[in-house]
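Engineer: First the structure, then my questions, so here it is.
The values are calculated or read from the model by the stated rules, or taken from the named source; none is laboratory data. Small disclaimer: the values here were computed from a predicted structure and weren't measured. With ideal geometry, Cβ positions are generated from the backbone for all residues, glycine too; neighbour counts draw on all protein chains shown. SASA here: full protein model, heavy atoms, side chains in, ligands and nucleic acids out. Shrake-Rupley method; radii C 1.70, N 1.55, O 1.52, S 1.80 Å.
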Amino acid sequence: MKFRLDVEHWEKPTLEEKWCVQPGDVVINKIPPLRAAVATVRLPRHPVDGNCIIIRGVKFPYSVWVAICLNQKPYEAYLIQRQGASTLPRVGLKVLSNLYIPLPPETDVSMLRRQVWEWNEEALDNNESLLRLVAEVEDYFVNEKQKLNDTEATSYQSLSTGRFFPAESVEDSLLPTHVEMSYKMQQLKRQLGWLSLEKLLSVHDISRKRLYDEAPERARYLKLSDISTDLSFSLPEESETVRSGRIFHQPLTSGEVLLSTLVTNPRVAFVDEIPSTKIYVTDHLERLRFRETPGAWALVLNTTAIRTQLEGMAMGSIQQFTHPANILQLRVPDVPLQLRQRWEKLLLRHHQRKRDLDQQWQVIWNKAQTLFNEVHHA
C-alpha cells in the first residue's frame, strides 16, 4: 500500500508520458507476490517499470479500495489462476480488466481513502527527509575525497598492465584487491587525516560471547533481511533456535550501530530504541558502540566511500563477506561534533516519526481488513 523510494526517485522526473504515475493511479506489479499502492500528490511522477501495471481512472474515491483488494491473497490467487501461465505466473491485462470488485458504502470508503491518502503523504515526506539527509552526508564525503592528491599513486604505475604498490601496503594478504585497498586507506590517513573506526568506539565494548547451551527454544533473532534501507530494522518473527553458536549472548541494546559483514550488499542500522521484547543478533551483523553521536556514524557507514572500502576487504572463495576485525580498520573522516549532532538529531526524528506512522498504519489497516471482510462476507 505504499511506494518504497530510493534517493534517485526524488530527482526531478525527465519524462511526461502516459506511463508516468499520476495522483490517484493504482500501481500493481505483475509477478507474485502481488503488491498494489495508490500514487498520491507527493509521489514523484516517474514512469513505472515494465513489470508493473497502472490502473487509471478509477471513480473517486474507490482507488484506495481497489488497492486494498488487490493486496489480498484471494485476489492474487484469482488473477494468477485465471491467467493460466504455468511457467511464469503473472497478472495479465485482460484478466485484470475483467475483474469484478464489490464496493462498500461510499461513506465508509471515503473515510478510509482519506486516512490512507494522508498516511502515504506523511510517509513519503518522512522518507524524503531521510534521503535528503543521506545525500548531504554523501556530499560531505565527496567534498572530502576531492582533497585527496593522487599524484603519489602515479609513481607506482607499472610499465605494463599491472601496478606496483609500496611495500607498506602489503599486510596480511597478498590478494591484489586487498593490497590496493590497504594502499588507499593509508592515503586517506596520511593525506586527509581519516581515522580508523576502532578509535571512535566506546571502551565498553559489546560482548562477543555466543549463546550455545543457554539458547532458548524460541526467540526473536535479528538477521540481515530484517535490516531496512532506511537505517532501521523490522521486528523479527519469533522462531526456533538453530545454530546457537552464531548468535550473540547479549540481546540487542539501544545506542548500537549494526553493520553487516556481507560486503556485496552492506546494511546499516541505528538502534535508537528497542522494543520491549528481547531480540538476539546473529554474527552476520557487527555490533558497534560509539563514544558519541552513534546515529551520525551510522549515516557515515552508509556512504558509498565506506561501501567501497568494505568491498575491497572481501574474503573467502566467493568474496561476499569480510572478517569483523577488518571492519574496525575502516577509515572515516573526523567529522566536526556540531555537524554530527545535527545529523543524529535528524535521524532520530526520522526514526521516531517512522514508529509513529507504523502504529497509525496498523490501526488503518485493521479498519481496512474489517471493511474488506464485511463486504466479502468473510
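Engineer: Pulled fully out, how much extra length does the chain show between residue 198 and residue 81, if you take 0.36 nm times their separation in residues and subtract their Cα-Cα distance? Don't skip to the answer; put the middle values down first.
Structural biologist: Working: separation 117, 0.36 × 117 = 42.12 nm, distance 5.54 nm.
Here the answer is 36.6 nm.
Engineer: Given 0.36 nm per residue, what is the gain on full extension from residue 42 to residue 59 after removing their alpha carbon distance, in nm? Intermediate results must be reported in sequence, preceding the final value.
Structural biologist: Details: separation 17, 0.36 × 17 = 6.12 nm, distance 2.05 nm.
Roughly 4.1 nm would be gained on extension.
Engineer: Considering the options 60, 50, 70, tell which one lies farthest towards the positive end of the dipole of segment 5-71, charges being +1 on Lys and Arg and -1 on Asp and Glu at the Cβ, about the Cα centre.
Structural biologist: Final value for the positive-end residue is 60.
Engineer: Give the aspartates and glutamates whose C-alpha is closer than 17 Å to that of residue 59, dropping any in the same chain fewer than 8 places away, or say none.
Structural biologist: Answer for residue 59, where 17 Å is the Cα cut-off: 25, 106, 108, listed by chain and number.
Engineer: Compute the label zone of residue 304 within segment 1-42: residues whose backbone N is under 20 Å from the point 7 Å along Cα-to-Cβ.
Structural biologist: Counting only backbone N, you get 5-14.
Engineer: Return the label of the correct value of percent of Cα pairs over 27 Å apart, as calculated from the structure shown, out of (1) 51; (2) 64; (3) 60.
Structural biologist: Derived directly from the coordinates: (3).
Engineer: Now for a different question. Putting +1 on Lys and Arg Cβ atoms and -1 on Asp and Glu Cβ atoms, find which of 129, 365, 275 reaches farthest to the positive end of the dipole of the chain.
Structural biologist: Of the candidates, 365 comes out farthest on the positive side.
Engineer: Enumerate the amide H contacts of residue 247 below 5 Å, restricted to partners 5 or more residues apart or on another chain; note that Pro and chain-start residues carry no placed amide H.
Structural biologist: 211, 212
Engineer: Suppose all protein chains stay in the model; what accessible area per residue would a 1.4 Å probe give for the chain, in Å²? The partial results should precede the final answer.
Structural biologist: Values: 20660 Å² over 378 residues.
Per residue, the chain has 55 Å² of solvent-accessible surface.
Engineer: First select every other residue whose beta carbon is under 15 angstrom from the beta carbon of residue 94; then total the charges, Lys and Arg +1, Asp and Glu -1. Numbers along the way, then the final one.
Structural biologist: Working: positive: 30, 82, 90; negative: none.
Its environment carries a net charge of +3.
Engineer: Turning to a different aspect of this structure: Please compute the length gained on full extension between residue 19 and residue 228, using 0.36 nm multiplied by the number of residues separating them and subtracting their Cα-Cα distance. Write down the numbers at each step before the final one.
Structural biologist: On the way: separation 209, 0.36 × 209 = 75.24 nm, distance 2.88 nm.
Stretched fully, the residue 19-residue 228 segment lengthens by 72.4 nm.
Engineer: While we're looking at this one, here's another question. How large is ³J(HN,Hα), in whole Hz, for each residue of segment 297-308 in order, when computed from phi with the Karplus curve 6.51 cos²θ - 1.76 cosθ + 1.60 and θ = phi - 60°, using x for Gly and Pro?
Structural biologist: These are the phi-based 3J(HN,Hα) values: 5, 4, 5, 5, 5, 8, 7, 4, 4, 6, 4, 5 Hz.
Engineer: Can you show me the helix-derived [θ] at 222 nm for the chain, built from DSSP H runs with n ≥ 4 at -39,500 (n - 2.57) apiece and divided by the number of residues, rounded to the nearest 500. Spell out each step's value before the answer.
Structural biologist: On the way: 10 runs with 144 residues, N = 378.
It comes out at -12500 deg cm²/dmol, rounded to the nearest 500.
Engineer: Next up: Here are some pairs, 73/278; 209/345; 94/367; 145/189; which of them have Cα atoms lying more than 21 Å apart in this structure? Spell out each step's value before the answer.
Structural biologist: Details: 73/278 31 Å; 209/345 32 Å; 94/367 31 Å; 145/189 12 Å.
Going by Cα-Cα distance, 73/278; 209/345; 94/367 fall outside the 21 Å limit.
Engineer: Now for a separate question. Hey, if you put +1 on the Cβ of every Lys and Arg and -1 on every Asp and Glu Cβ in segment 277-357, which of 304, 336, 321 ends up farthest toward the positive end of that dipole?
Structural biologist: Working it through, the farthest residue towards the positive pole turns out to be 336.
Engineer: Taking a cut-off of 13 Å between Cα atoms, list the aspartates and glutamates near residue 354, but don't count ones fewer than 8 places away on the same chain.
Structural biologist: 121, 122, 125, 128, 230, 272, 273
Engineer: Something else about it: Quick one: what are the phi-derived ³J(HN,Hα) couplings along segment 321-328, Karplus 6.51/-1.76/1.60 with θ = phi - 60°, whole Hz, x for glycine and proline?
Structural biologist: 3J(HN,Hα) across segment 321-328, in whole Hz: 10, 10, 7, x, 5, 5, 4, 5.
Engineer: How large is the charge dipole for segment 298-367, taken about the Cα centre, if only the Cβ atoms of Lys, Arg (+1) and Asp, Glu (-1) carry charge, to the nearest 20 debye?
Structural biologist: On the way: 10 positive and 5 negative charges, 70 e Å.
That gives segment 298-367 a dipole magnitude of about 340 debye.
Engineer: How high is the FRET efficiency from residue 262 to residue 355, r the C-beta distance, R0 41 Å, rounded to 0.05?
Structural biologist: The calculated FRET efficiency here is 0.95.
Engineer: Determine the dipole magnitude for the chain: charges of +1 sit on the beta-carbon of Lys and Arg, -1 on that of Asp and Glu, nothing else is charged, the reference point is the Cα centre, and the result goes in debye to the nearest 20. Provide the component values of the computation, followed by the final result.
Structural biologist: Numbers: 47 positive and 47 negative charges, 108 e Å.
It comes to approximately 520 debye.
Engineer: If amide hydrogens are placed 1.01 Å from N in the peptide plane, which non-local residues have theirs closer than 5 Å to the one on residue 194?
Structural biologist: Amide H neighbours of residue 194, under 5 Å, 5+ apart: 189.
Engineer: Here's another thing I want to ask about it. Around residue 125, under 10 Å between beta carbons, what's the net of Lys plus Arg minus Asp minus Glu among the other residues? Before the final figure, lay out the partial values.
Structural biologist: On the way: positive: 42, 353; negative: 121, 122, 128.
Charge balance in the 10 Å sphere: -1.
Engineer: Moving on to the next point. Quick one: if you stick a label point 7 Å off each Cα along the C-beta vector at residue 345 and residue 250, how many nm between them?
Structural biologist: 3.0
Engineer: By how many degrees, 0 to 90 and rounded to 10, does the Cα axis of helix 337-375 deviate from the longest principal axis of the chain?
Structural biologist: Taking Cα atoms only, the helix is inclined about 30 degrees.
Engineer: Hey, can you rank 286-297, 359-370, 220-231, 235-246 by average C-beta count inside 10 Å, highest first?
Structural biologist: Numbers: 286-297: 20.2, 359-370: 13.9, 220-231: 18.3, 235-246: 12.2.
The densest-packed peptide leads the list: 286-297, 220-231, 359-370, 235-246.
Engineer: Report the net charge of residues surrounding residue 339, where surrounding means a beta-carbon distance below 13 angstrom and charges are Lys +1, Arg +1, Asp -1, Glu -1. Show your work: numbers first, answer last.
Structural biologist: Details: positive: 340, 342, 345; negative: 136, 139, 144, 292, 334, 344.
Net of charged neighbours comes to -3.
Engineer: Against the longest alpha carbon principal axis of the chain, how many degrees, from 0 to 90 and to the nearest 10, is the axis of helix 106-145 turned?
Structural biologist: Value to nearest ten degrees: 20.
Engineer: With θ set to phi - 60° and the Karplus curve 6.51 cos²θ - 1.76 cosθ + 1.60, what are the ³J(HN,Hα) couplings of segment 269-283 in order, to the nearest whole Hz, using x for Gly and Pro?
Structural biologist: In residue order, the calculated couplings are 9, 10, 8, 7, 8, 10, x, 5, 6, 6, 10, 9, 10, 7, 7 Hz.
Engineer: Report, by chain and number, residues whose modeled amide H sits under 5 Å from the one on residue 321, excluding near sequence neighbours (fewer than 5 apart, same chain).
Structural biologist: Sorted by chain and number, the residues that satisfy this are 263, 315.
Engineer: Assign unit charges at the C-beta atoms only (+1 for Lys and Arg, -1 for Asp and Glu), then state the dipole size of segment 253-378 relative to its Cα centre in Debye, rounded to the nearest 20.
Structural biologist: Numbers: 15 positive and 12 negative charges, 53 e Å.
Charge dipole, segment 253-378, about its Cα centre: 260 debye, nearest 20.
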